[in-house]
1. Working out 0.36 nm times the residue gap between Val10 and Leu82, then minus their Cα-Cα distance, what length gain in nm do you get to one decimal?
2. Sort out the exposed loop GluC sites (Glu not before Pro) in the chain (DSSP loop, at most 14 other Cβ within 10 Å) and tell me the longest stretch that has none.
3. Taking a cut-off of 18 Å between Cα atoms, list the aspartates and glutamates near Lys79, but don't count ones fewer than 8 places away on the same chain.
4. For segment 44-50, take each phi angle, set θ = phi - 60°, evaluate the Karplus expression 6.51 cos²θ - 1.76 cosθ + 1.60, and give the result in whole Hz per residue in order, putting x for glycine and proline.
5. Given only helices, namely DSSP H runs of n ≥ 4 each adding -39500 (n - 2.57), what is the per-residue ellipticity at 222 nm of the chain, to the nearest 500 deg cm²/dmol?
6. Step through the residues of segment 126-132 one at a time and calculate ³J(HN,Hα) from phi using the Karplus curve (6.51 cos²θ - 1.76 cosθ + 1.60, θ = phi - 60°), rounding each to whole Hz and writing x for Gly and Pro.
7. Tabulate in residue order the Karplus-calculated ³J(HN,Hα) for segment 107-117, using 6.51 cos²θ - 1.76 cosθ + 1.60 with θ = phi - 60°, rounded to whole Hz; enter x for Gly and Pro.
8. Test of understanding: what is the full-extension gain from Val117 to Arg94, defined as 0.36 nm times their sequence separation minus their Cα-Cα distance?
Amino acid sequence: MTEDVWSWVVAAYGAPGVAEQCLELQDAHDQNVPLLLWAAWAATQGPVGEGLASRAAEVARAWSEAAIMPLRSVRRRLKQALSEGDEASRLALREQVKAIELQSEKVLLEQLAALSVRSGAVPDSLLPVFILDAVLAVASAWSGGYPAEKLARLTQTLSDWQKLRYKG
């Protein structure tokens, strides 16, 4: 049975090394983490071609500009004091903004999942290839320049986790 995208992404993000690699791709290389993780999830069901990758990047760009990036900016700004003695109320507000930011990422992932074409489970031997192709396709559609070696490392981490997850 196919796992829903949000559950898969939350589990994958929590796998050893994934969060750190994703945040580096986001912060140092301007990649869209929900888009990359959606691509990896979609690849477990079949190939993600350039057309699908381009449509997904368009959807991700719209959601990122309208909701995710502004919320992330506010959340990050709320890490630092805005006025003397504001810690308790500021940090409580920051947690609320964080929850809304996560909800906006969940909505984005649901929108991306609606674009996905599921052709069935991918054999373990092809999983790393499908994931790498999908991740590179969406990274390219997202921005012309991307760190292929870091995306390959993320792909390997996700492929290893996926294999352990279903064989463990």
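Read-outs: derived from the displayed coordinates by stated rules, not from any lab. Please read all numbers here as calculations on a predicted model, not as lab measurements. Cβ coordinates were reconstructed from backbone atoms using ideal geometry, including for glycine residues, and neighbour counts include every protein chain displayed.
1. Details: separation 72, 0.36 × 72 = 25.92 nm, distance 3.15 nm.
The span from Val10 to Leu82 would gain 22.8 nm if fully extended.
2. Details: sites that count: Glu3, Glu84.
It works out to 85-168.
3. The reachable aspartates and glutamates, counting only those whose Cα sits under 18 Å from Lys79, are Asp27, Glu87, Glu95, Glu101.
4. So the J values, rounded to whole Hz, are 6, 10, x, x, 10, x, 4.
5. Values: 8 runs with 120 residues, N = 168.
Mean residue ellipticity, 222 nm, calculated: -23500 deg cm²/dmol.
6. Result, ordered by residue: 9, 4, x, 5, 4, 5, 4 Hz.
7. 4, 4, 4, 5, 5, 5, 4, 5, 7, 5, 10
8. Numbers: separation 23, 0.36 × 23 = 8.28 nm, distance 3.66 nm.
Going from the current span to full extension adds 4.6 nm.
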